């Protein structure tokens, strides 16, 4: 048995091998799955995140565009062109439509060119006209109160002023700043300088006397004071006897001219408006800033400074009209002139700033009184304004002692009798307010 054992083991091994065939043998008892090509296997589906669509900024509303246009026109009229450009580019970031941007930018560039390119030397007489604060409520002034007669004589109505500036504009006059017609040399002597203007334009200087709104004149048809509104512009304020309050830009000279130049910027050379000739005895602009006021003088002064700064920003400047509006020629001695000049420097100049312009009270000149005139020179004044309604006049005083310019007065007197003198600027018969007939026929 032991001799046959190796044979038995070999036979068993052969039987085991016969039952385990390689793949592909038809007799095999085990089958293999067909392999799947890799390229036929579908990759997993990955859905990409949606790209966010930016929400378009809303286009500037028409209301905002209209407001922007008004601001741009105001800045053009006051010749603050850099500020206008900054405001315009800021608006473009706020989705101002391109058509409006190009239109407004064109206005700014056009006005810059008007004031700076192709200017020509003006060689004629420089006109200077002046008036006082306006008759704002003629129905009160001409209601029969005898105390209003001086107002009729010295002032013009808002209606008349509007027609006058419209006529000046049509006749190619252009407002200029009085300070650009002269310069002061190193010795303190003033000299006239060449004046270059847009071709075809004729210069006119405007000044307004007595802008204090004396409380004694209240209730006679003039406004009570000037105020600064939220938009930074000046308006008039009046409280009537019945308690009615009127805030307006249509009944006093300063806002009327501001609005006119905003509509017609070519009526002003580089933003010039006019010169306010101010006293100090009754305060400024309707605020009681004088030293003998018994109320809150600090609050009144702060309000007056606010008005002065707003006026300057709009293109106005200031002159001294003395402190007390006295007859300085024959009723004040040398010490009186010195004291008056010092009071103006102490109480008025801190509000309106320094100036080289002095307007004689009542037009009463005293440049031939060397001592009195020297007081004004020592105070820094170099151009002196008198009154002569019939013609334009300017001359250089001898020995560098200043410039003298006469001003044509616009008032009830000259509107009635001065037609020929003003015809080249306006026709007095066309501008005079019919309401004056109430006084003429009385």
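The values are calculated or read from the model by the stated rules, or taken from the named source; none is laboratory data. Treat the numbers as computed from the prediction; the structure is a model and nothing was measured. Reconstructed Cβ throughout: ideal geometry from the backbone, glycine too, with neighbour counts over all protein chains shown.
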(request) Run down 215, 194 and say which single residue is surrounded by fewer than 17 Cβ atoms within 10 Å (Cβ to Cβ), over 23 Å from the mean Cα position of the chain (by Cα) and over 25 Å from residue 386 (Cα atoms). (result) 215
(request) Determine which single condition residue 329 fails, assuming it passes every other condition in (1) out of contact with any helix residue (DSSP H, G or I) (no Cβ under 7 Å at 6 or more places or on another chain); (2) in a helix (DSSP H, G or I); (3) within 23 Å of residue 383 (Cα to Cα). (result) (2)
(message) For the range 415-423, check the following and say yes or no: at least one residue is in the same structural domain as residue 190 (by TED's automatic domain parsing), surrounded by fewer than 17 Cβ atoms within 10 Å (Cβ to Cβ), on the phi < 0 side of the Ramachandran plot and touching a helix residue (DSSP H, G or I) at 6+ places or on another chain (Cβ under 7 Å).
(response) yes
(request) Collect the residues in the range 209-219 that are touching a strand residue (DSSP E or B) at 6+ places or on another chain (Cβ under 9 Å) and within 15 Å of residue 132 (Cβ to Cβ), keeping them in residue-number order. (result) 209, 210, 211, 212, 213
(request) Return a yes/no flag: does the range 95-111 have any residue that is in the same structural domain as residue 285 (by TED's automatic domain parsing), farther than 29 Å from residue 203 by Cα and modelled with pLDDT of 95 or more. (result) no
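Residue by residue, here is whether (1) farther than 17 Å from residue 315 by Cβ; (2) assigned by TED's automatic domain parsing to the domain that holds residue 402; (3) in contact with a helix residue (DSSP H, G or I) (Cβ under 7 Å, 6 or more places away or on another chain) holds:
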| residue | (1), (2), (3) |
| --- | --- |
| 164 | yes, yes, yes |
| 169 | no, yes, yes |
| 181 | no, yes, no |
| 185 | yes, yes, no |
(message) I need a count of the residues in the range 84-103 that are in a helix (DSSP H, G or I) and surrounded by 14 or more Cβ atoms within 10 Å (Cβ to Cβ).
(response) 8
(message) For the list (1) closer than 24 Å to residue 135 by Cα; (2) without any contact (Cβ under 8 Å) to a residue 24 or more places away in the chain; (3) in a loop (DSSP other than H, G, I, E, B), I need the number of the one condition that residue 259 fails.
(response) (3)
(message) Which numbered condition in (1) in contact (Cβ under 8 Å) with a residue 40 or more places away in the chain; (2) surrounded by 22 or more Cβ atoms within 10 Å (Cβ to Cβ); (3) in contact with a strand residue (DSSP E or B) (Cβ under 8 Å, 6 or more places away or on another chain) is the only one that residue 328 fails?
(response) (3)
(message) Take residue 333 and tell me if it is without any contact (Cβ under 8 Å) to a residue 12 or more places away in the chain, closer than 17 Å to residue 190 by Cα and in the same structural domain as residue 131 (by TED's automatic domain parsing).
(response) no
(message) From the list 395, 419, 407, exactly one residue is free of Cβ contacts under 8 Å to residues at least 12 places away in the same chain and in contact with a strand residue (DSSP E or B) (Cβ under 8 Å, 6 or more places away or on another chain). Which is it?
(response) 395
